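Some notes on the structure that comes next.
The values are calculated or read from the model by the stated rules, or taken from the named source; none is laboratory data. As the structure is a computational prediction, the values presented were derived from the model and not from experiment. When we count neighbours, we look across all protein chains shown, and the Cβ atoms used for this are built from the backbone with ideal geometry, even at glycine.
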Ligand SMILES: *Cc1c(COP(=O)(O)O)cnc(C)c1O
C-alpha cells in the first residue's frame, strides 16, 4: 500500500490491479479478470454484461447469500429458486431443467463451502437451452472440479475478497470472464462505459462513452492489499486446510456413532477449506448446541436463512418445486470457527466443546440420519 502511495497512483487499474488480474488469470485459468469493489458488484457487473432485463428469470439455489439474487433483482429479473443436493448443499442440477421457461437467461450455481456444483451437467443444460452460466465462486478461490479451477467454467464467475473469505482485501471481489465474446464489453462496463482501455492500448487517441457501465474498479490501495494476500495465498490456504482436516478427523468418530454429519466432498472436487460445518439432527438440537458453545466462548454460528423464506425473496423471486432439502438442511447446520490466525489450542477447544455439547444434548436422543 505504501508502494502504491509512493508510485503516485491511488485510483484504479494501476500496477497492483494488473498484478492481481495476472495472478487470477494464471492461477484460475479464466480468460480475463476484473477486480471489483465486492463479490456483490462482480455479480451486478455480470448482470449488466449479459443485459439482464425486467422479466428475465435466473435459476439459482435459495440456500445462498442475498447478493446472488439481488444482483439480478436490481435489473428487474426474477430469481427462480431450485432445491439443493443433500450431500454438498449445492444447486441440485437434476432439478434445474424443470425450472427453465422461455424467460430463463442464466443459471447461477453457488459452490457452497468451496465444494463444486456439478458443472458438467449444469453446462450441458445451459448449452442445450442457450443460457449463461455465472458461477458464484465467492467461497471457492482455487477450488477445483475434475482438475479444473472453479471460476473457469461459467461464461462468467464472481469471486469475493470480503474479509470473511479465504483471500481478502476488506471489501473486494472480481468478475472472471471466460466467454471471449464478453471480454471487450466487460472492460468498457468496468470503466464507466468508456473505451478507456483502448486509449491505454494505443488503439484510439481519446476515450469516450461507448456502452452502459459504472465504476466497478477498486482503488490501488485495495489492490495492493489484495496482492499481498495473493503472494501468500498458498500458505493461507494450507493453514486453513490443516484446521479443516483436524475438525474432519476429530468428528469422524461422532459421525460413525450417528451423532452428527460431516461435510461430504465428492472425489472429483477439491476445496480450499473455506468453511467447516456440522449437520445436527434438527433445529431444536442445533439451538441447544449453539447456546452450549456460546456459553463456552466458541463462536459457532448457523449460516444462510433460505432466501425464499425471506421478505424480499417472497416479493421478488419464485420457487420451482419444493425446497425441502434447503429448508431441512439450513436448519440443521452449524458453522465452526475457521480462520488463518487460529492457534492449535483454539482448534482443540472447539473440538472439545463440540464433543461435550453434542453429548450433553444427545444423551436422551436417537441417532442423526
Ligand atoms: C460473500 C458472498 C457474496 C458477496 O460477496 P461480497 O464481497 O461480500 O459482496 C456473494 N455470494 C456468496 C455465496 C458469498 O458468500
- Any idea which residue in segment 215-228 is surrounded by the fewest Cβ atoms within 10 Å (Cβ to Cβ), counting only those that are part of a loop (DSSP other than H, G, I, E, B) and touching a helix residue (DSSP H, G or I) at 6+ places or on another chain (Cβ under 7 Å)? 217
- Item | Given (1) farther than 21 Å from residue 306 by Cα; (2) surrounded by 24 or more Cβ atoms within 10 Å (Cβ to Cβ); (3) within 16 Å of the ligand (Cβ to nearest atom), number of the condition residue 17 does not satisfy | (3)
- Query: Taking segment 97-110 as the region of interest, how many residues are buried (at least 24 other Cβ atoms within 10 Å of the Cβ) and in a loop (DSSP other than H, G, I, E, B)?
  - Reply: 2
- Residue satisfying condition, being touching a helix residue (DSSP H, G or I) at 6+ places or on another chain (Cβ under 6 Å), within 16 Å of the ligand (Cβ to nearest atom), in contact (Cβ under 8 Å) with a residue 12 or more places away in the chain and not in a strand (DSSP E or B), within set 187, 140: 140
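This table checks each residue for (1) surrounded by fewer than 24 Cβ atoms within 10 Å (Cβ to Cβ); (2) within 16 Å of the ligand (Cβ to nearest atom).
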| site | (1), (2) |
| --- | --- |
| 26 | yes, no |
| 31 | yes, no |
| 36 | no, yes |
| 40 | yes, yes |
| 47 | no, yes |
| 51 | yes, no |
- Item | Test for residue 185: is it modelled with pLDDT of 95 or more and farther than 24 Å from residue 156 by Cα | no
- Item | Meets criteria (touching a residue at least 24 places away in the same chain (Cβ under 8 Å) and touching a strand residue (DSSP E or B) at 6+ places or on another chain (Cβ under 7 Å)) for residue 39 | yes
- Query: Which ones in segment 196-214 are surrounded by 14 or more Cβ atoms within 10 Å (Cβ to Cβ) and at pLDDT 95 or above?
  - Reply: 210, 211, 213, 214
- Task: Scan segment 112-137 for residues that are in contact (Cβ under 8 Å) with a residue 60 or more places away in the chain and within 9 Å of the ligand (Cβ to nearest atom) and jot them down.
- Result: 136
- The correct count of residues that are surrounded by 19 or more Cβ atoms within 10 Å (Cβ to Cβ), part of a loop (DSSP other than H, G, I, E, B) and more than 9 Å from the ligand (Cβ to nearest atom) in segment 143-184 is 11
- Task: Tell me which of these residue 302 doesn't satisfy, since it passes every other one: (1) closer than 30 Å to residue 232 by Cβ; (2) modelled with pLDDT under 95.
- Result: (1)
